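This report refers to the structure that appears directly beneath it.
The values are calculated or read from the model by the stated rules, or taken from the named source; none is laboratory data. This structure is a prediction, so every number in the text was calculated from the model and none was measured. Every residue, glycine as well, gets a Cβ built from its backbone with ideal geometry; the counts of neighbours run over all protein chains shown. In case anyone asks, the SASA skips ligands and DNA or RNA and just uses the protein heavy atoms, side chains included. Shrake-Rupley method; radii C 1.70, N 1.55, O 1.52, S 1.80 Å.
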Amino acid sequence: MRVSEWVAVVYFGYLFVIALIRPLWPRRRQAMGASLAAMVIVWVQSLWPVTSLTLAARDWLPALYLVFGYWLSGWYFVAPMKGIEARFMAVDWRVLGRDTGSALVESLPRAALELLELVYVTCFLFVPGGLVILALTGHRAAADRFWTLVLLGEFGSFAMLPWIQTRPPRVIEPPGAIDRRPLLMRRMNRLQVNSVSIGVNTFPSGHVAGALATAIAVSEVLPAFAPWLLAMVVAIAIAAVLGRYHYFVDAVAGTVWTLVAWALVRALWR
């Protein structure tokens, strides 16, 4: 098995164990079955005969594991921990002010806000886009290392959901300045988060963790891309916090965790 496939197996195994030891949890049986099925699928595909087609498939299958792992983590949300939400919000007040950045949002031109909202939603394309860049530049051999870092960053964020259960700040706060601006991308993002997301907050931020992991993994192979990719990561983090999709501490934790994951990957690939 590839290292990235082991990361997926460990993550789904972790979710299986959590469901096993929480007998009163309402979706216990479904989570156990889904986690076990995911582990079996990853193991079976690692046994495929080696052909150009199967190698290409294994380069891309982690993207599906990532999506499924994200959705599965949402099954572990039971009820918001309002004490933790209050602590996270208090940090936002200290960093952004009691208006949580509304004054800044009001001062920004509409084009800048539309761009931030666009950057936030394109995070879903940013991660697979990193592998596309590697493939198009002749670096498909780096796929396993790429996915190892990305899955560590993303799954490490999702893995905290059973223990830290919070709602996004946009759900708790009254509509802010950004909601009063006639932003097309804001309306589209609202539709997206209400229809295809798990609807709860992840601490650390999976958006920031995944974007930073992608930027680092690609930049290690193609250093010339680093300034552009890291600029995107910063924009995604700002959009996540100013758009109230995440708390400030989510973005910081996502950054710190991904740097820890990067150190682990570098030690593993020595």
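Restricted to the range 17-59, and to residues that are open to solvent by 40 Å² or more (accessible area, probe 1.4 Å), farther than 15 Å from Ser73 by Cβ and β-branched (Val, Ile, Thr), which residue is modelled with the lowest pLDDT?
Of everything passing the filter in the range 17-59, Ile21 is modelled with the lowest pLDDT.
Does Asn194 meet the test of being over 20 Å from Pro62 (Cα atoms), at pLDDT below 85 and either touching a Lys or Arg at 6+ places or on another chain (Cβ under 9 Å) or not aliphatic (A, V, I, L, M) (or both)?
Yes, satisfied.
I need every pair where a residue in the range 48-61 that is touching a residue at least 40 places away in the same chain (Cβ under 8 Å) has its Cβ under 8 Å from the Cβ of a residue that is assigned to a loop (DSSP other than H, G, I, E, B) and open to solvent by 60 Å² or more (accessible area, probe 1.4 Å), sequence separation at least 6 or different chains.
Arg58/Trp48
Tell me, which helices (runs of 4 or more DSSP H) lie completely within the range 143-226 with 2 or more residues that are open to solvent by 30 Å² or more (accessible area, probe 1.4 Å) and without any contact (Cβ under 8 Å) to a residue 40 or more places away in the chain?
177-180, 184-195
Out of everything in the range 222-246 that is of a type outside the set (A, V, I, L, M, F, W, C) and more than 14 Å from the chain's Cα centre (by Cα), what residue ends up being nearest to Ala143 (Cα to Cα)?
If we take residues in the range 222-246 being of a type outside the set (A, V, I, L, M, F, W, C) and more than 14 Å from the chain's Cα centre (by Cα), then Pro223 is nearest to Ala143 (Cα to Cα).
Please go through the range 62-89 and give me each residue that is under 23 Å from Ala141 (Cα atoms) and either in contact (Cβ under 8 Å) with a residue 12 or more places away in the chain or not in a helix (DSSP H, G or I) (or both), ordered by number.
Listed by number, the residues that qualify are Pro62, Ala63, Tyr65, Leu66.
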